[in-house]
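Worksheet: one structure, shown below.
The values are calculated or read from the model by the stated rules, or taken from the named source; none is laboratory data. Please read these numbers as outputs of a predicted model, since none were measured by experiment. Cβ coordinates were reconstructed from backbone atoms using ideal geometry, including for glycine residues, and neighbour counts include every protein chain displayed. All accessible areas refer to the heavy atoms of the entire protein, side chains included, with ligands and DNA or RNA removed. Shrake-Rupley method; radii C 1.70, N 1.55, O 1.52, S 1.80 Å.
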Amino acid sequence: MNGAALPTTLPFASATEVYAAFPEIAADLTAPCENRPPLDFLAALAASATPEEALTFAAFALERRLAIWWGHECLRQLADRMTPRDLALMELAAAWVAEPGDGTRGAALEAARESEAKTPGVWIALAAGWSSGSMTPADQPAVPVPPHLCPRAINAAVLSALARVDRPGRPAMLARFARMARTLAEGG
């Protein structure tokens with residue numbers, strides 16, 4: 001990946017801060033918020049009865065650019081299950097991560113909008129498109145993107161990709177995705 005280096009620190013010191021920054025997360029997680037470091041909370045969620053919540057939490061807890069890259073990399077692990085359209089949309093998201101700006105963001109958003117179905121590639125492109133700025137086309141009045149839309153799109157991308165894995169293989173892939181989030185958050 002070219003462009004500026006990805007951030008290597010989490011923007012939050014605790015899970016409580018993540019919940020405070022994104023109150024909408026409470027609708028996406030059944031686990032009650034705990035005042036502990038985000039990576040500790042992520043590990044607890046991954047070991048819980050609903051480990052998918054670790055992926056949801058990661059989408060919200062990671063710095064936005066890093067979260068989109070993580071989502072892209074999760075989808076890339078399942079590239080053989082993606083359509084050519086998904087792969088093209090994933091590349092638009094990766095282009096935004098490499099060169100975050102209105103041009104790459106707008107290209108990802110526009111391509112995602114043109115898609116008929118909400119597939120993993122569409123969701124990760126929407127995440128890049130909803131990373132900042134306006135959620136409307138350039139020729140319309142600007143409407144700021146609500147902050148929770150980007151992590152929700154990342155979450156939808158990762159979970160919908162995970163759903164393409166056969167049931168016996170899902171737990172291992174889910175654990176892999178959670179480890180990837182942790183590794184990226186730790187600067188690896």
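Worth a mention:
- Total residues in region 82-131, condition surrounded by 15 or more Cβ atoms within 10 Å (Cβ to Cβ), basic (Lys, Arg) and over 18 Å from Ala67 (Cβ atoms): 1
- Only residues that are open to solvent by less than 30 Å² (accessible area, probe 1.4 Å) and either touching a residue at least 40 places away in the same chain (Cβ under 8 Å) or basic (Lys, Arg) (or both) were counted in region 21-38, giving 3.
- Asp139 passes every criterion in (1) at pLDDT below 95; (2) surrounded by 14 or more Cβ atoms within 10 Å (Cβ to Cβ) apart from (2).
- Matching entry among Val165, Val158 (being in contact with a helix residue (DSSP H, G or I) (Cβ under 7 Å, 6 or more places away or on another chain) and surrounded by fewer than 18 Cβ atoms within 10 Å (Cβ to Cβ)): Val165
- Ala43 part of a helix (DSSP H, G or I), in contact (Cβ under 8 Å) with a residue 40 or more places away in the chain, surrounded by 15 or more Cβ atoms within 10 Å (Cβ to Cβ) and over 14 Å from the mean Cα position of the chain (by Cα): yes
- Elements of type helices (runs of 4 or more DSSP H) contained in region 72-188, each with 3 or more residues being in contact (Cβ under 8 Å) with a residue 40 or more places away in the chain: 84-98, 120-129, 149-162, 170-185
- Going through (1) farther than 29 Å from Thr50 by Cα; (2) among the small types (Gly, Ala, Ser); (3) touching a Pro at 6+ places or on another chain (Cβ under 8 Å) one by one, Ser115 falls short only on (3).
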